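The values are calculated or read from the model by the stated rules, or taken from the named source; none is laboratory data. These numbers come from a predicted model, not from an experiment. Counting neighbours? That spans all protein chains shown, and the Cβs are built from the backbone with ideal geometry, glycine included. For the accessible areas, the whole protein counts, side chains as well, though only heavy atoms, and no ligand, DNA or RNA atoms are used. Shrake-Rupley method; radii C 1.70, N 1.55, O 1.52, S 1.80 Å.
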Amino acid sequence: MLSITGPFRLANRAAGCHSRWVSSELQAIYHVGSDARSIKDRAQALAVEQSVEMPISAIDDETVLSEIVGRVLAIDDVGNGLFEVRMALAAATVGDDAGQLINMLFGNSSIHDDVVLHDVELPSTLIRKFGGPRHGMHDLRRRAGAAKHALTCSALKPQGVPVAKLADLARRFAEGGIDYVKDDHGLADQPYSPFARRVEAIAAALDAVRQASGRATRYVPSLSGDLDGMRRQIAVARQAGIDTVMVAPMIMGFSNFHRLVRENPAIAFMAHPTMAGAARIAPPLLIGKLFRLLGADAVIFPNHGGRFGYSPETCRALARAALQVWEDLQPSVPVPAGGMTPERVPEMLDFYGADIMLLIGGGLLAARERLTEETAAFVAAVHGYRYE
């Protein structure tokens with residue numbers, strides 16, 4: 001480890017000032033490509049870029065110099081030309097704005113192709129401000145009556161089909177006993193499937209199944225559009241008796257996502273990872289930790305061995321970030337997805353355990369006229385697994 005004591009670490013602060021700083025700072029961890037000779041200068045330049053974005057010699061305000069300028073705390077060589085840089089940044093620069101949080105963590109530096117935002121440690125003050133899930137793992141399981149076993153979920157697709165067909169698919173999933181059925185994330189407010197009509201039709205179809213069989217499958221419509229449009233969509237969903245919605249934080253923006261969570265405490269939010277690969281942010285941090293911090297009650301992510309390239313180690317770390325004890329935040333439900341099939345249910349439950357929601361979309365829809373039977377078999381496999 002290289003210990004940094006240069007101009008970005010004001011080592012001569014009085015003990016009281018240092019304590020005040022520590023209680024009001026966040027620590028960002030970056031992985032930076034560099035050679036050993038250049039990494040100290042590269043890390044210090046990164047600290048400037050992510051804090052004041054100007055030459056230190058041009059700053060004549062002592063408060064800025066002592067409390068706002070980023071400080072490099074440590075540098076570790078993690079091999080293969082990669083260094084882990086730990087940096088202290090002032091929490092005051094974030095305020096209570098979720099968008100500003102990601103801006104201060106990785107705004108300009110996301111444009112540097114040799115930097116990855118790997119992790120962040122936040123002070124309790126910021127964690128309390130953002131608040132995390134309002135419902136989380138415990139309430140989503142309670143709603144589905146899944147006291148011990150994993151939750152089950154599927155998706156309504158493909159986009160382009162009319163509302164009546166989507167409602168019929170939802171009915172058949174519900175008759176198979178699925179816990180949650182969500183919109184495909186490509187479904188929006190399109191002419192062939194207007195949001196309000198879709199929500200009304202699917203809610204009615206699921207209510208008919210509930211009255212006939214007692215199976216209370218929950219529908220999760222996908223929100224889209226600008227903030228005012230999503231507010232109207234939540235109102236439509238609430239009017240139809242729906243208490244869970246899906247959002248895409250990387251498209252709608254962190255601030256808008258957090259605003260909707262705060263405005264709708266009775267609504268649970270499922271976060272979709274679309275566009276999450278467009279930024280060099282480690283998936284366990286972005287999807288498992290930051291989405292959770294801002295209020296995601298469930299986080300969808302691409303499971304290893306499917307259509308996407310996440311490794312088993314990344315998936316395990318992401319699920320752990322969603323579930324682990326973190327101050328007093330509720331745990332989020334990890335939702336591995338992306339090309340999963342019913343045949344992989346035992347493997348996934350072996351890997352993740354019971355605190356999970358298994359999402360299988362196309363792997364069930366491929367059954368076509370046997371959709372209800374295949375869904376029932378999927379649900380039975382999840383319920384019948386021998387949980388520890």
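Here are a few things to note about the model shown:
- Of all residues in segment 167-200 being among the small types (Gly, Ala, Ser) and touching a helix residue (DSSP H, G or I) at 6+ places or on another chain (Cβ under 9 Å), the one that is most open to solvent (accessible area, probe 1.4 Å): ALA196
- Counted residues, segment 310-329 - those being surrounded by fewer than 18 Cβ atoms within 10 Å (Cβ to Cβ) and assigned to a loop (DSSP other than H, G, I, E, B): 6
- Answer from VAL72, VAL64, VAL52, VAL48 - the residue that is closer than 14 Å to LEU89 by Cα, modelled with pLDDT of 95 or more and assigned to a loop (DSSP other than H, G, I, E, B): VAL52
- From ARG307, ARG238, residue being under 21 Å from ILE360 (Cα atoms), in contact (Cβ under 8 Å) with a residue 12 or more places away in the chain and open to solvent by 30 Å² or more (accessible area, probe 1.4 Å): ARG307
- Count of residues meeting criterion [in contact with a Phe, Trp or Tyr (Cβ under 8 Å, 6 or more places away or on another chain) and either in a helix (DSSP H, G or I) or surrounded by fewer than 23 Cβ atoms within 10 Å (Cβ to Cβ) (or both)] in segment 258-275: 3
- Whenever a residue of segment 161-182 is free of Cβ contacts under 8 Å to residues at least 40 places away in the same chain, its partners that are of a type in the set (D, E, K, R) and open to solvent by less than 10 Å² (accessible area, probe 1.4 Å), lying with C-beta atoms within less than 7 angstrom and at least six residues away or across chains, give the pairs VAL163/ARG198; LEU166/ARG198.
- Of all residues in segment 107-134, those that are in contact (Cβ under 8 Å) with a residue 12 or more places away in the chain and farther than 17 Å from ARG262 by Cα have Cβ atoms under 6 Å from Cβ atoms of residues that are surrounded by fewer than 16 Cβ atoms within 10 Å (Cβ to Cβ) and not acidic (Asp, Glu), 6 or more apart or on another chain, in SER110/ALA279; ASP114/GLY33.
- Residue-level analysis places GLY107 outside the set of residues that are within 21 Å of the chain's Cα centre (by Cα), open to solvent by less than 60 Å² (accessible area, probe 1.4 Å) and more than 30 Å from SER38 (Cα to Cα).
- Filtered by the rule that a residue be more than 21 Å from ARG143 (Cβ to Cβ), part of a loop (DSSP other than H, G, I, E, B) and of a type in the set (D, E, K, R), segment 166-205 gives ASP184, ASP189.
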